[in-house]
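Below is one structure, written out as structure tokens; the observations come after it.
Readers should treat all values here as calculations from the given coordinates under stated rules, not as data from a laboratory. Just so you know, these numbers come straight off a predicted model, no measurement behind them. Glycine also receives a Cβ, built like all others from the backbone with ideal geometry; neighbour counts cover every protein chain displayed.
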């Protein structure tokens, strides 16, 4: 599936930037390429998480792992059995008591998605909102703030369920997935507190492209 998507996307990158004499075409090609690169990274990361929790890549194998209880990871937000395609937030219930360290990492991720400090999500939203204000898009910033408040209800509700409700069992993560969780949590926290090195790297990378 991943290779198919990549083989489909590469010709589209070329078509988007085919008019090399037009600045709009060059800009469109570059932006589409960057969007595709980030999308591919997220897709591969998600596939890795699913495989780490279920030891399977097919939908049938993932379904078997879910039925057998081998995929009790709270990180599988979108992997559900075919007859139930919505995420059951009850999967996180009681995680604060059975796995407090894992619940702390999950809390940090939810804070980052909401845009609360100290997390890299707060830094990202700060830079985006500041750039929009400097460009004169005050209405866009206000709309962004409203969407953040709406999303906060869903993200923070996961924290409430983890800490305030009783769970059905104990989540057990494979060693590789456990390492991924803590590595990601460390990056989320460190770059949320000290974002300057990351911002300098991004600025140098962007300046090199343009």
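Modelled label positions at residue 37 and residue 7, each set 7 Å beyond Cα in the direction of Cβ, lie 2.4 nm from each other. Computed on the range 89-210, the Cα convex hull volume stands at 120 Å³ per residue.
Note on residue 160 and residue 183: with the Förster distance fixed at 25 Å, the Cβ-Cβ geometry gives a FRET efficiency of about 0.40.
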